[in-house]
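Here the structure is laid out as structure tokens; the discussion comes afterwards.
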Amino acid sequence: MIEQLFGSKTRVKLLQLFYSNPNRSFYVREITRKINEQINSVRRELSNLLSIGIITSDNTNNKLYYEVNQKYEYYPPLQQIFGSGSKPKAPASGGTNNVNDEANSDLKSVGHIDLAVYTGQFTRDDTAGVDLLIVGDVNLNALQKYVELLEAKENKSLRYSTMSLSDFIYRQQIRDRFATAIARSKKQIIIDEHNLLSDIDEELEKE
């Protein structure tokens, strides 16, 4: 039914991908792999979404990247439909084709996760110097396997960091360089059980 409402299966898949992943950028061939649609159809629908203003594009290293436009007039209602239904800053769960759901499910095998963040290569912002941050009580062997699978899935070599919840909170309290860089970076929050980054984001905005 939703495909009839929005015109095409490819368009719906694209909207689900972008709205489930605010702050994350994708290039065309990456998109075609993730939504499993033909590249010509994807290009046509990307052009449509660009012309409307739903997504934006940017050329980096001779690759054209696309991401959802969070300043678009109807971003909130569309995010309710296609994304997580939470605040744009910290999406934590979602609906059909939500990459956050997949990541949440996979992370359960790693241990108890208090905070999981994509940044770096995922958002084209190297402020923090890592691509993945995991905070919690984790099994390091399981985490290594998770990262290897994620690297194969994303076709990228990923830099990651892990620490305990108490260590991360302490780093936040003393305004440690790494914790502050994570807070200031362009990021996609996969899990934030204690609103660790939501709270500090609000503090940084006041500065």
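The values are calculated or read from the model by the stated rules, or taken from the named source; none is laboratory data. It should be emphasised that the depicted structure is a prediction, and the values quoted were computed from it without experimental measurement. Glycine also receives a Cβ, built like all others from the backbone with ideal geometry; neighbour counts cover every protein chain displayed.
Let's see how each residue does on (1) in contact with a Pro (Cβ under 8 Å, 6 or more places away or on another chain); (2) of a type in the set (Lys, Arg):
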| residue | (1), (2) |
| --- | --- |
| 13 | no, yes |
| 18 | no, no |
| 22 | yes, no |
| 25 | no, no |
| 28 | no, no |
| 42 | no, no |
| 52 | no, no |
Which residue pairs have Cβ atoms under 9 Å apart, sit 6 or more places apart or on different chains, and have a first residue in the range 19-48 that is closer than 20 Å to residue 152 by Cα and a second that is of a type in the set (Gly, Ala, Ser)? 21/83; 32/41
So, in the range 125-140, how many residues would count as being in a loop (DSSP other than H, G, I, E, B) and crowded, with 17+ Cβ neighbours inside 10 Å? 3
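Within the range 161-174, can one find any residue that is assigned to a helix (DSSP H, G or I), exposed (fewer than 14 other Cβ atoms within 10 Å of the Cβ) and either of a type in the set (Asp, Glu) or touching a Pro at 6+ places or on another chain (Cβ under 6 Å) (or both)?
Applying the first criterion (assigned to a helix (DSSP H, G or I)) to the range 161-174 yields 165-173.
From what's left, exposed (fewer than 14 other Cβ atoms within 10 Å of the Cβ): 166-167, 170, 173.
Those left that are additionally either of a type in the set (Asp, Glu) or touching a Pro at 6+ places or on another chain (Cβ under 6 Å) (or both): 167.
The answer is yes; a qualifying residue exists.
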Select from the range 141-160 the residues that are among the hydroxyl-bearing types (Ser, Thr, Tyr) and within 13 Å of residue 116 (Cβ to Cβ) and write down the one among them that is surrounded by the most Cβ atoms within 10 Å (Cβ to Cβ). 146
Among the residues listed as 46, 5, the single one being part of a helix (DSSP H, G or I), of a type outside the set (Val, Ile, Thr) and either surrounded by 13 or more Cβ atoms within 10 Å (Cβ to Cβ) or modelled with pLDDT of 95 or more (or both): 46
For the subset of the range 55-74 comprising residues that are charged (D, E, K, R) and assigned to a loop (DSSP other than H, G, I, E, B), which member is farthest from residue 124 (Cα to Cα)? 73
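Just to check your reading of the model, which residue among 146, 170 is in contact with an Asp or Glu (Cβ under 7 Å, 6 or more places away or on another chain) and on the phi < 0 side of the Ramachandran plot?
Values: 170 fails: in contact with an Asp or Glu (Cβ under 7 Å, 6 or more places away or on another chain).
Answer to the check: 146.
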If we keep only residues of the range 8-43 that are aromatic (Phe, Trp, Tyr) and surrounded by 21 or more Cβ atoms within 10 Å (Cβ to Cβ), then the residue nearest to residue 73 (Cα to Cα) is 19
